[in-house]
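Before any comments, here is the structure.
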Amino acid sequence: MSRDPIIEKIRNAKPPDSSLPEIDVSRFSDESGKAETFIRNLESVGGRVVHISSRREISPQIAALFPDAKEIVSCVEGVDCGTIDTGKISSAKELEKLDLAIIEAHFGVAENGAVWVTDKNFFHRSIPFIAAHVVVVLQQEKIVENMHEACARLNEFHEGYGVFISGPSKTADIEQSLVIGAQGPLSLTVFLEY
Amino acid sequence: MGSFSEHSMNNHSSAAEKFIHNEDRVNWHDKALWFVREKRDVAASSVKGWEELRTLAAAIKAHTLSHLDEYLLQFEHEASANGARVHWAMNAEEHNEIVYNILRSRSTTLAVKSKSMLTEECGLNHFLERKGIEVVDTDLGERIVQLANEPPSHIVMPAIHKKREEIDELFHHHLNTERSGGNAEYLAREARKHLREKFLSAGAAMTGVNFAIAETGAVVVCTNEGNADMGVHAAPLHIACMGMEKIIPTTEHLGVFLRLLARSATGQPITAYTSFYRKPKPGCEMHIVIVDNGRSEQLARENFRSSLRCIRCGACMNTCPVYRRSGGYSYGFTIPGPIGSILSPGIDVKKYGSLPFASTLCGSCSDVCPVKIDIHAQLYAWRQIISTRHGASIGKRMIMSVAGIMFSHPALFRAAGIGGNFLQKVLPPVLINSAVRRWTKQRDLPEAPVQTFSQWYKKRKT
Ligand code: SF4
C-alpha cells in the first residue's frame, strides 16, 4: 500500500498555504429570464421542450410524439403509460430494448439546459442512458440560474448516484461532424410544467 | 542526468516531418482545431465574469495543491464511508497491478473503459491485454484509435487526426460495416450497436475521473456520449482511476470548474453528462485508484508545480499554432501540445527535452487556459534549464526546427497571423532561411512571409 509514502512525498513537496477564495455568486448573475434561457440552451444542445400545464397531458403527448415506442418505462408518479413490469427488472440487460424512459428531474439549470436527476428518480441507474429516447419532467419554477446555484443545492442529495443531463448523447469524433445519439439516448425531451 | 543530444531524445521536429509532409492534411487539421478554438471563444464571451471564473479556478487549485495531502486523506475517508475501496499507486506499474488484481478477483475477461488519459499514461490497456483481459475503449474517438492500434492524438478529440474515409475503412475491416464513403451518422450508429454489445457483456467498467470531491467522496466524470454511464451501470464492478491532482475541496468549488471545462474544451455550455458516482449500486463494487506517477516530483518544482492545476480541457492544444500544424503524435508523449511540453520534461528531460522548443512562445495557450497556468513562461523556463545544462546550440537548432514547421505551409502561416510576434521573439534571419530550406525541401520557398520578414528586419535595423 503506497498511501503513506505518497502522503509523505506530498508533505515534503507541497507549497506553503495558499488561501481558499470566496465565491461571490452574485457577480455571475446576469438576470436573464431563467425559463427562456433554459429552453434556448437546451435546444442548442439538441434537446427539445414540450410545454404542459398538467401531468394529465403527459401520456397523450407521449403517444403522439413516440407512436412507435413499445417498451416504455415511466418513473414519474401519475404518469402511467409504462408498458413493462418494472418490479421484475434487476439488470441493464433486461432494459436493452427500452424505447422510452420517463423520469422526473429535481431541478434544471438555465445556463446550460441541464437537469439534475438521482437514484430517487429511477429504479435502475441505466435507465436514463440505455433508453433510446428519454423524457424528463421538470417544473418550471425549479430552474436555477447557473452551476453555482446548482452545486450549492447538491449537498441536499445524499443518493449514491446523480447526474446532470444536458441534451441527448452526442459525438463529434468523426471529423468533427456532430451526430446526435452516441452510446446513450438518441433524443431528449423535457416536459416543462407550468 | 546523462549526456544529452538530439539523438537521445524524441525529436519533435523530425516526428513532425511525417505529418507536415501531407500539406492537405496539415491544412485540414489546422482548420478543424481552429474551428474548435473559435467555438471556445464564443462560449467564453457569453459568460458574465469569465475572467473572474478563471481567477477563481486558478486560486482554488493553488489552494488545493498547498493542502493536497489533507484533501486526499479526507477524500479517502469519505469515499470509504460511502462504500468505495480506495487504493494508492506510487507509479504506473503499481496502478496497473492494482487494477489487474481487482479485475482478477472477479474473474473479469472483458472490461469496458471510458476516456482516461491516466490509463494511457500508465499503458494499462497493453498491460491487461498481455494478462489476457480484453479492454474495449468506449468513447468513439478512443475506439477508433484503439482499432487503428494508435494512441490518442488529442486529449479531448482522440481521433482528430483521422479522416472519415480512414474510419470507414477501419470499421469495414474490424466491425464488418458497409463502405459508406465516411458517412458519420452511419458509422456512429454502427459503433453504437457494437459498443452496446460490449457494455452489456463486460464484467467491469473502468472510468477516468474529471474531479474528485474531498467533502463528499464523490468522483465526477464528464462525457458527451454517455459511455461512462453505459458501462458503469451495467457492470458489477466499477474502477475509477485518478491522478492525485484531480481533487477539489467541495461541491461548491466544482461549480466553477464545470462552468469552465466544456466551454474551454469544445464550446459547449456543459458536457451532455456530468455524473457523480458516490456509492456503488447495491450488490456491486466500486474502487478508486489514486495515482502519483511523478506528480509529487512536479509538485516539488516551484516553477512548474502550477502545471498540476490542469483540468485537461485541451484548449491550449486547439489554439497552439505548432500543435495544429505538427499533430499530436509529433510530441511522443501521452499529453501532447503546450501542457504536455511542460509536463513531460519533468518525467524524463532527456527523452522529452525537445518539446519545450516546440512552441513559438506566442502565449496563446496561457491566454485560453481556464486555470491560468502560465504555460508559455514554463516552456521558456524549461528551455533555459535544458540550454544551460546542455549548451545553447541544442536550443538554437530546435528553435530552428519549429520555424520549419511554421514555414512549411505559407497559407497557414499567414492565416495564423502570428508571424511578426513569433519572429520578433525568437528568430534571427539566418535561422529562418536555413530552416525554410530544410523544411520546404522540394517545395517552393514561400514568398510572402519571407518578404514580410525581410522588410521587417530591414526596418528594425535602421
Ligand atoms: S493546460 Fe490549461 S488549457 Fe491546457 S489542457 Fe490544461 S487546463 Fe486546458
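Straight-line reach from A:Lys142: taking Cα to Cα under 18 Å and skipping same-chain neighbours fewer than 8 places apart, the lysines in range are A:Lys34, A:Lys120. Between the alpha-carbon centres of region B:158-176 and region A:30-69 there is a gap of 36 Å. Nearest 0.05, what FRET efficiency do B:Ile347 and A:Arg48 give at R0 = 60 Å with Cβ-Cβ as r? So the FRET efficiency works out to roughly 0.80. Site pair A:Asp68 and B:His77 shows an inter-label distance of 5.5 nm when each label is modelled 7 Å from Cα along Cα→Cβ. Amide H contacts of A:Val144 (H built 1.01 Å from N, in plane; Pro and chain starts excluded): A:Gly108, A:Val109, A:Ala110 sit under 5 Å, all sequence-distant by 5 or more or on other chains. Can you give the percent of C-alpha pairs in chain B whose distance is more than 35 Å? Everything past 35 Å amounts to 32 percent. The length gained on full extension between B:Glu165 and B:Cys284, counted as 0.36 nm times the residue separation minus their Cα-Cα distance, comes to 38.7 nm. Helix B:375-390 and the longest principal axis of the C-alpha atoms of chain B enclose an angle of approximately 70°. Close amide H pairs (under 5 Å, H built 1.01 Å from N) link B:Val289 with B:His87, B:Ala240, B:Cys241, B:Met242, residues at least 5 positions away or on another chain.
In angstrom, the C-alpha Rg and Dmax of chain A are 20.1, 65. Based on the reciprocal of the average 1/r between different C-alpha atoms, the Kirkwood radius for region B:47-295 equals 18.8 Å. Spin-label model, A:Ser29 to B:Lys131: label points 7 Å out along the Cα-to-beta-carbon direction sit 5.3 nm apart.
3J(HN,Hα) couplings calculated from phi for region B:177-191 with the Karplus curve 6.51 cos²θ - 1.76 cosθ + 1.60 (θ = phi - 60°) are, in sequence order, 7, 5, 6, 10, x, x, 5, 4, 5, 4, 5, 5, 5, 5, 5 Hz; Gly and Pro show x. Identify all aspartates and glutamates with a Cα-Cα distance to A:Lys14 below 14 Å; exclude those on the same chain that are fewer than 8 residues away in sequence. In chain and number order, the partners are B:Asp69, B:Glu70, B:Glu245, B:Asp292, B:Glu297, B:Glu302. Can you flag which of A:Lys93/B:Lys279; B:Lys198/B:Lys246; B:Lys61/B:Lys115 are past 25 Å Cα-Cα? Too far apart for the 25 Å limit: B:Lys198/B:Lys246.
Calculate, for A:Glu77 and B:Ser105, the FRET efficiency according to 1/(1 + (r/R0)^6) with r their C-beta to C-beta distance and R0 41 Å; round to the nearest 0.05.
Once rounded, the FRET efficiency stands at 0.50.
Backbone geometry of region B:16-31 corresponds, through the Karplus equation with coefficients 6.51, -1.76 and 1.60 at θ = phi - 60°, to 3J(HN,Hα) couplings of 5, 4, 4, 6, 6, 4, 8, 4, 4, 5, 4, 4, 5, 4, 4, 5 Hz, x marking Gly and Pro.
The alpha carbons of the protein assembly as shown occupy a box of 82, 54, 53 Å along the principal axes, longest dimension given first. Under 1.5 on a/c is rounded, so check that first for region A:59-125, then, if it is not, pick prolate when a/b is larger than b/c and oblate when it is not; a ≥ b ≥ c are the square roots of the alpha carbon gyration tensor eigenvalues. It comes out oblate by the Cα gyration axes.
Rule-based calculations on the coordinates, nothing more; no lab input. For clarity, every value in this text was computed on a predicted model and none was experimentally measured. Here the Cβ is made from the backbone with ideal geometry for all residues, glycine too, and neighbour counts use every protein chain on show.
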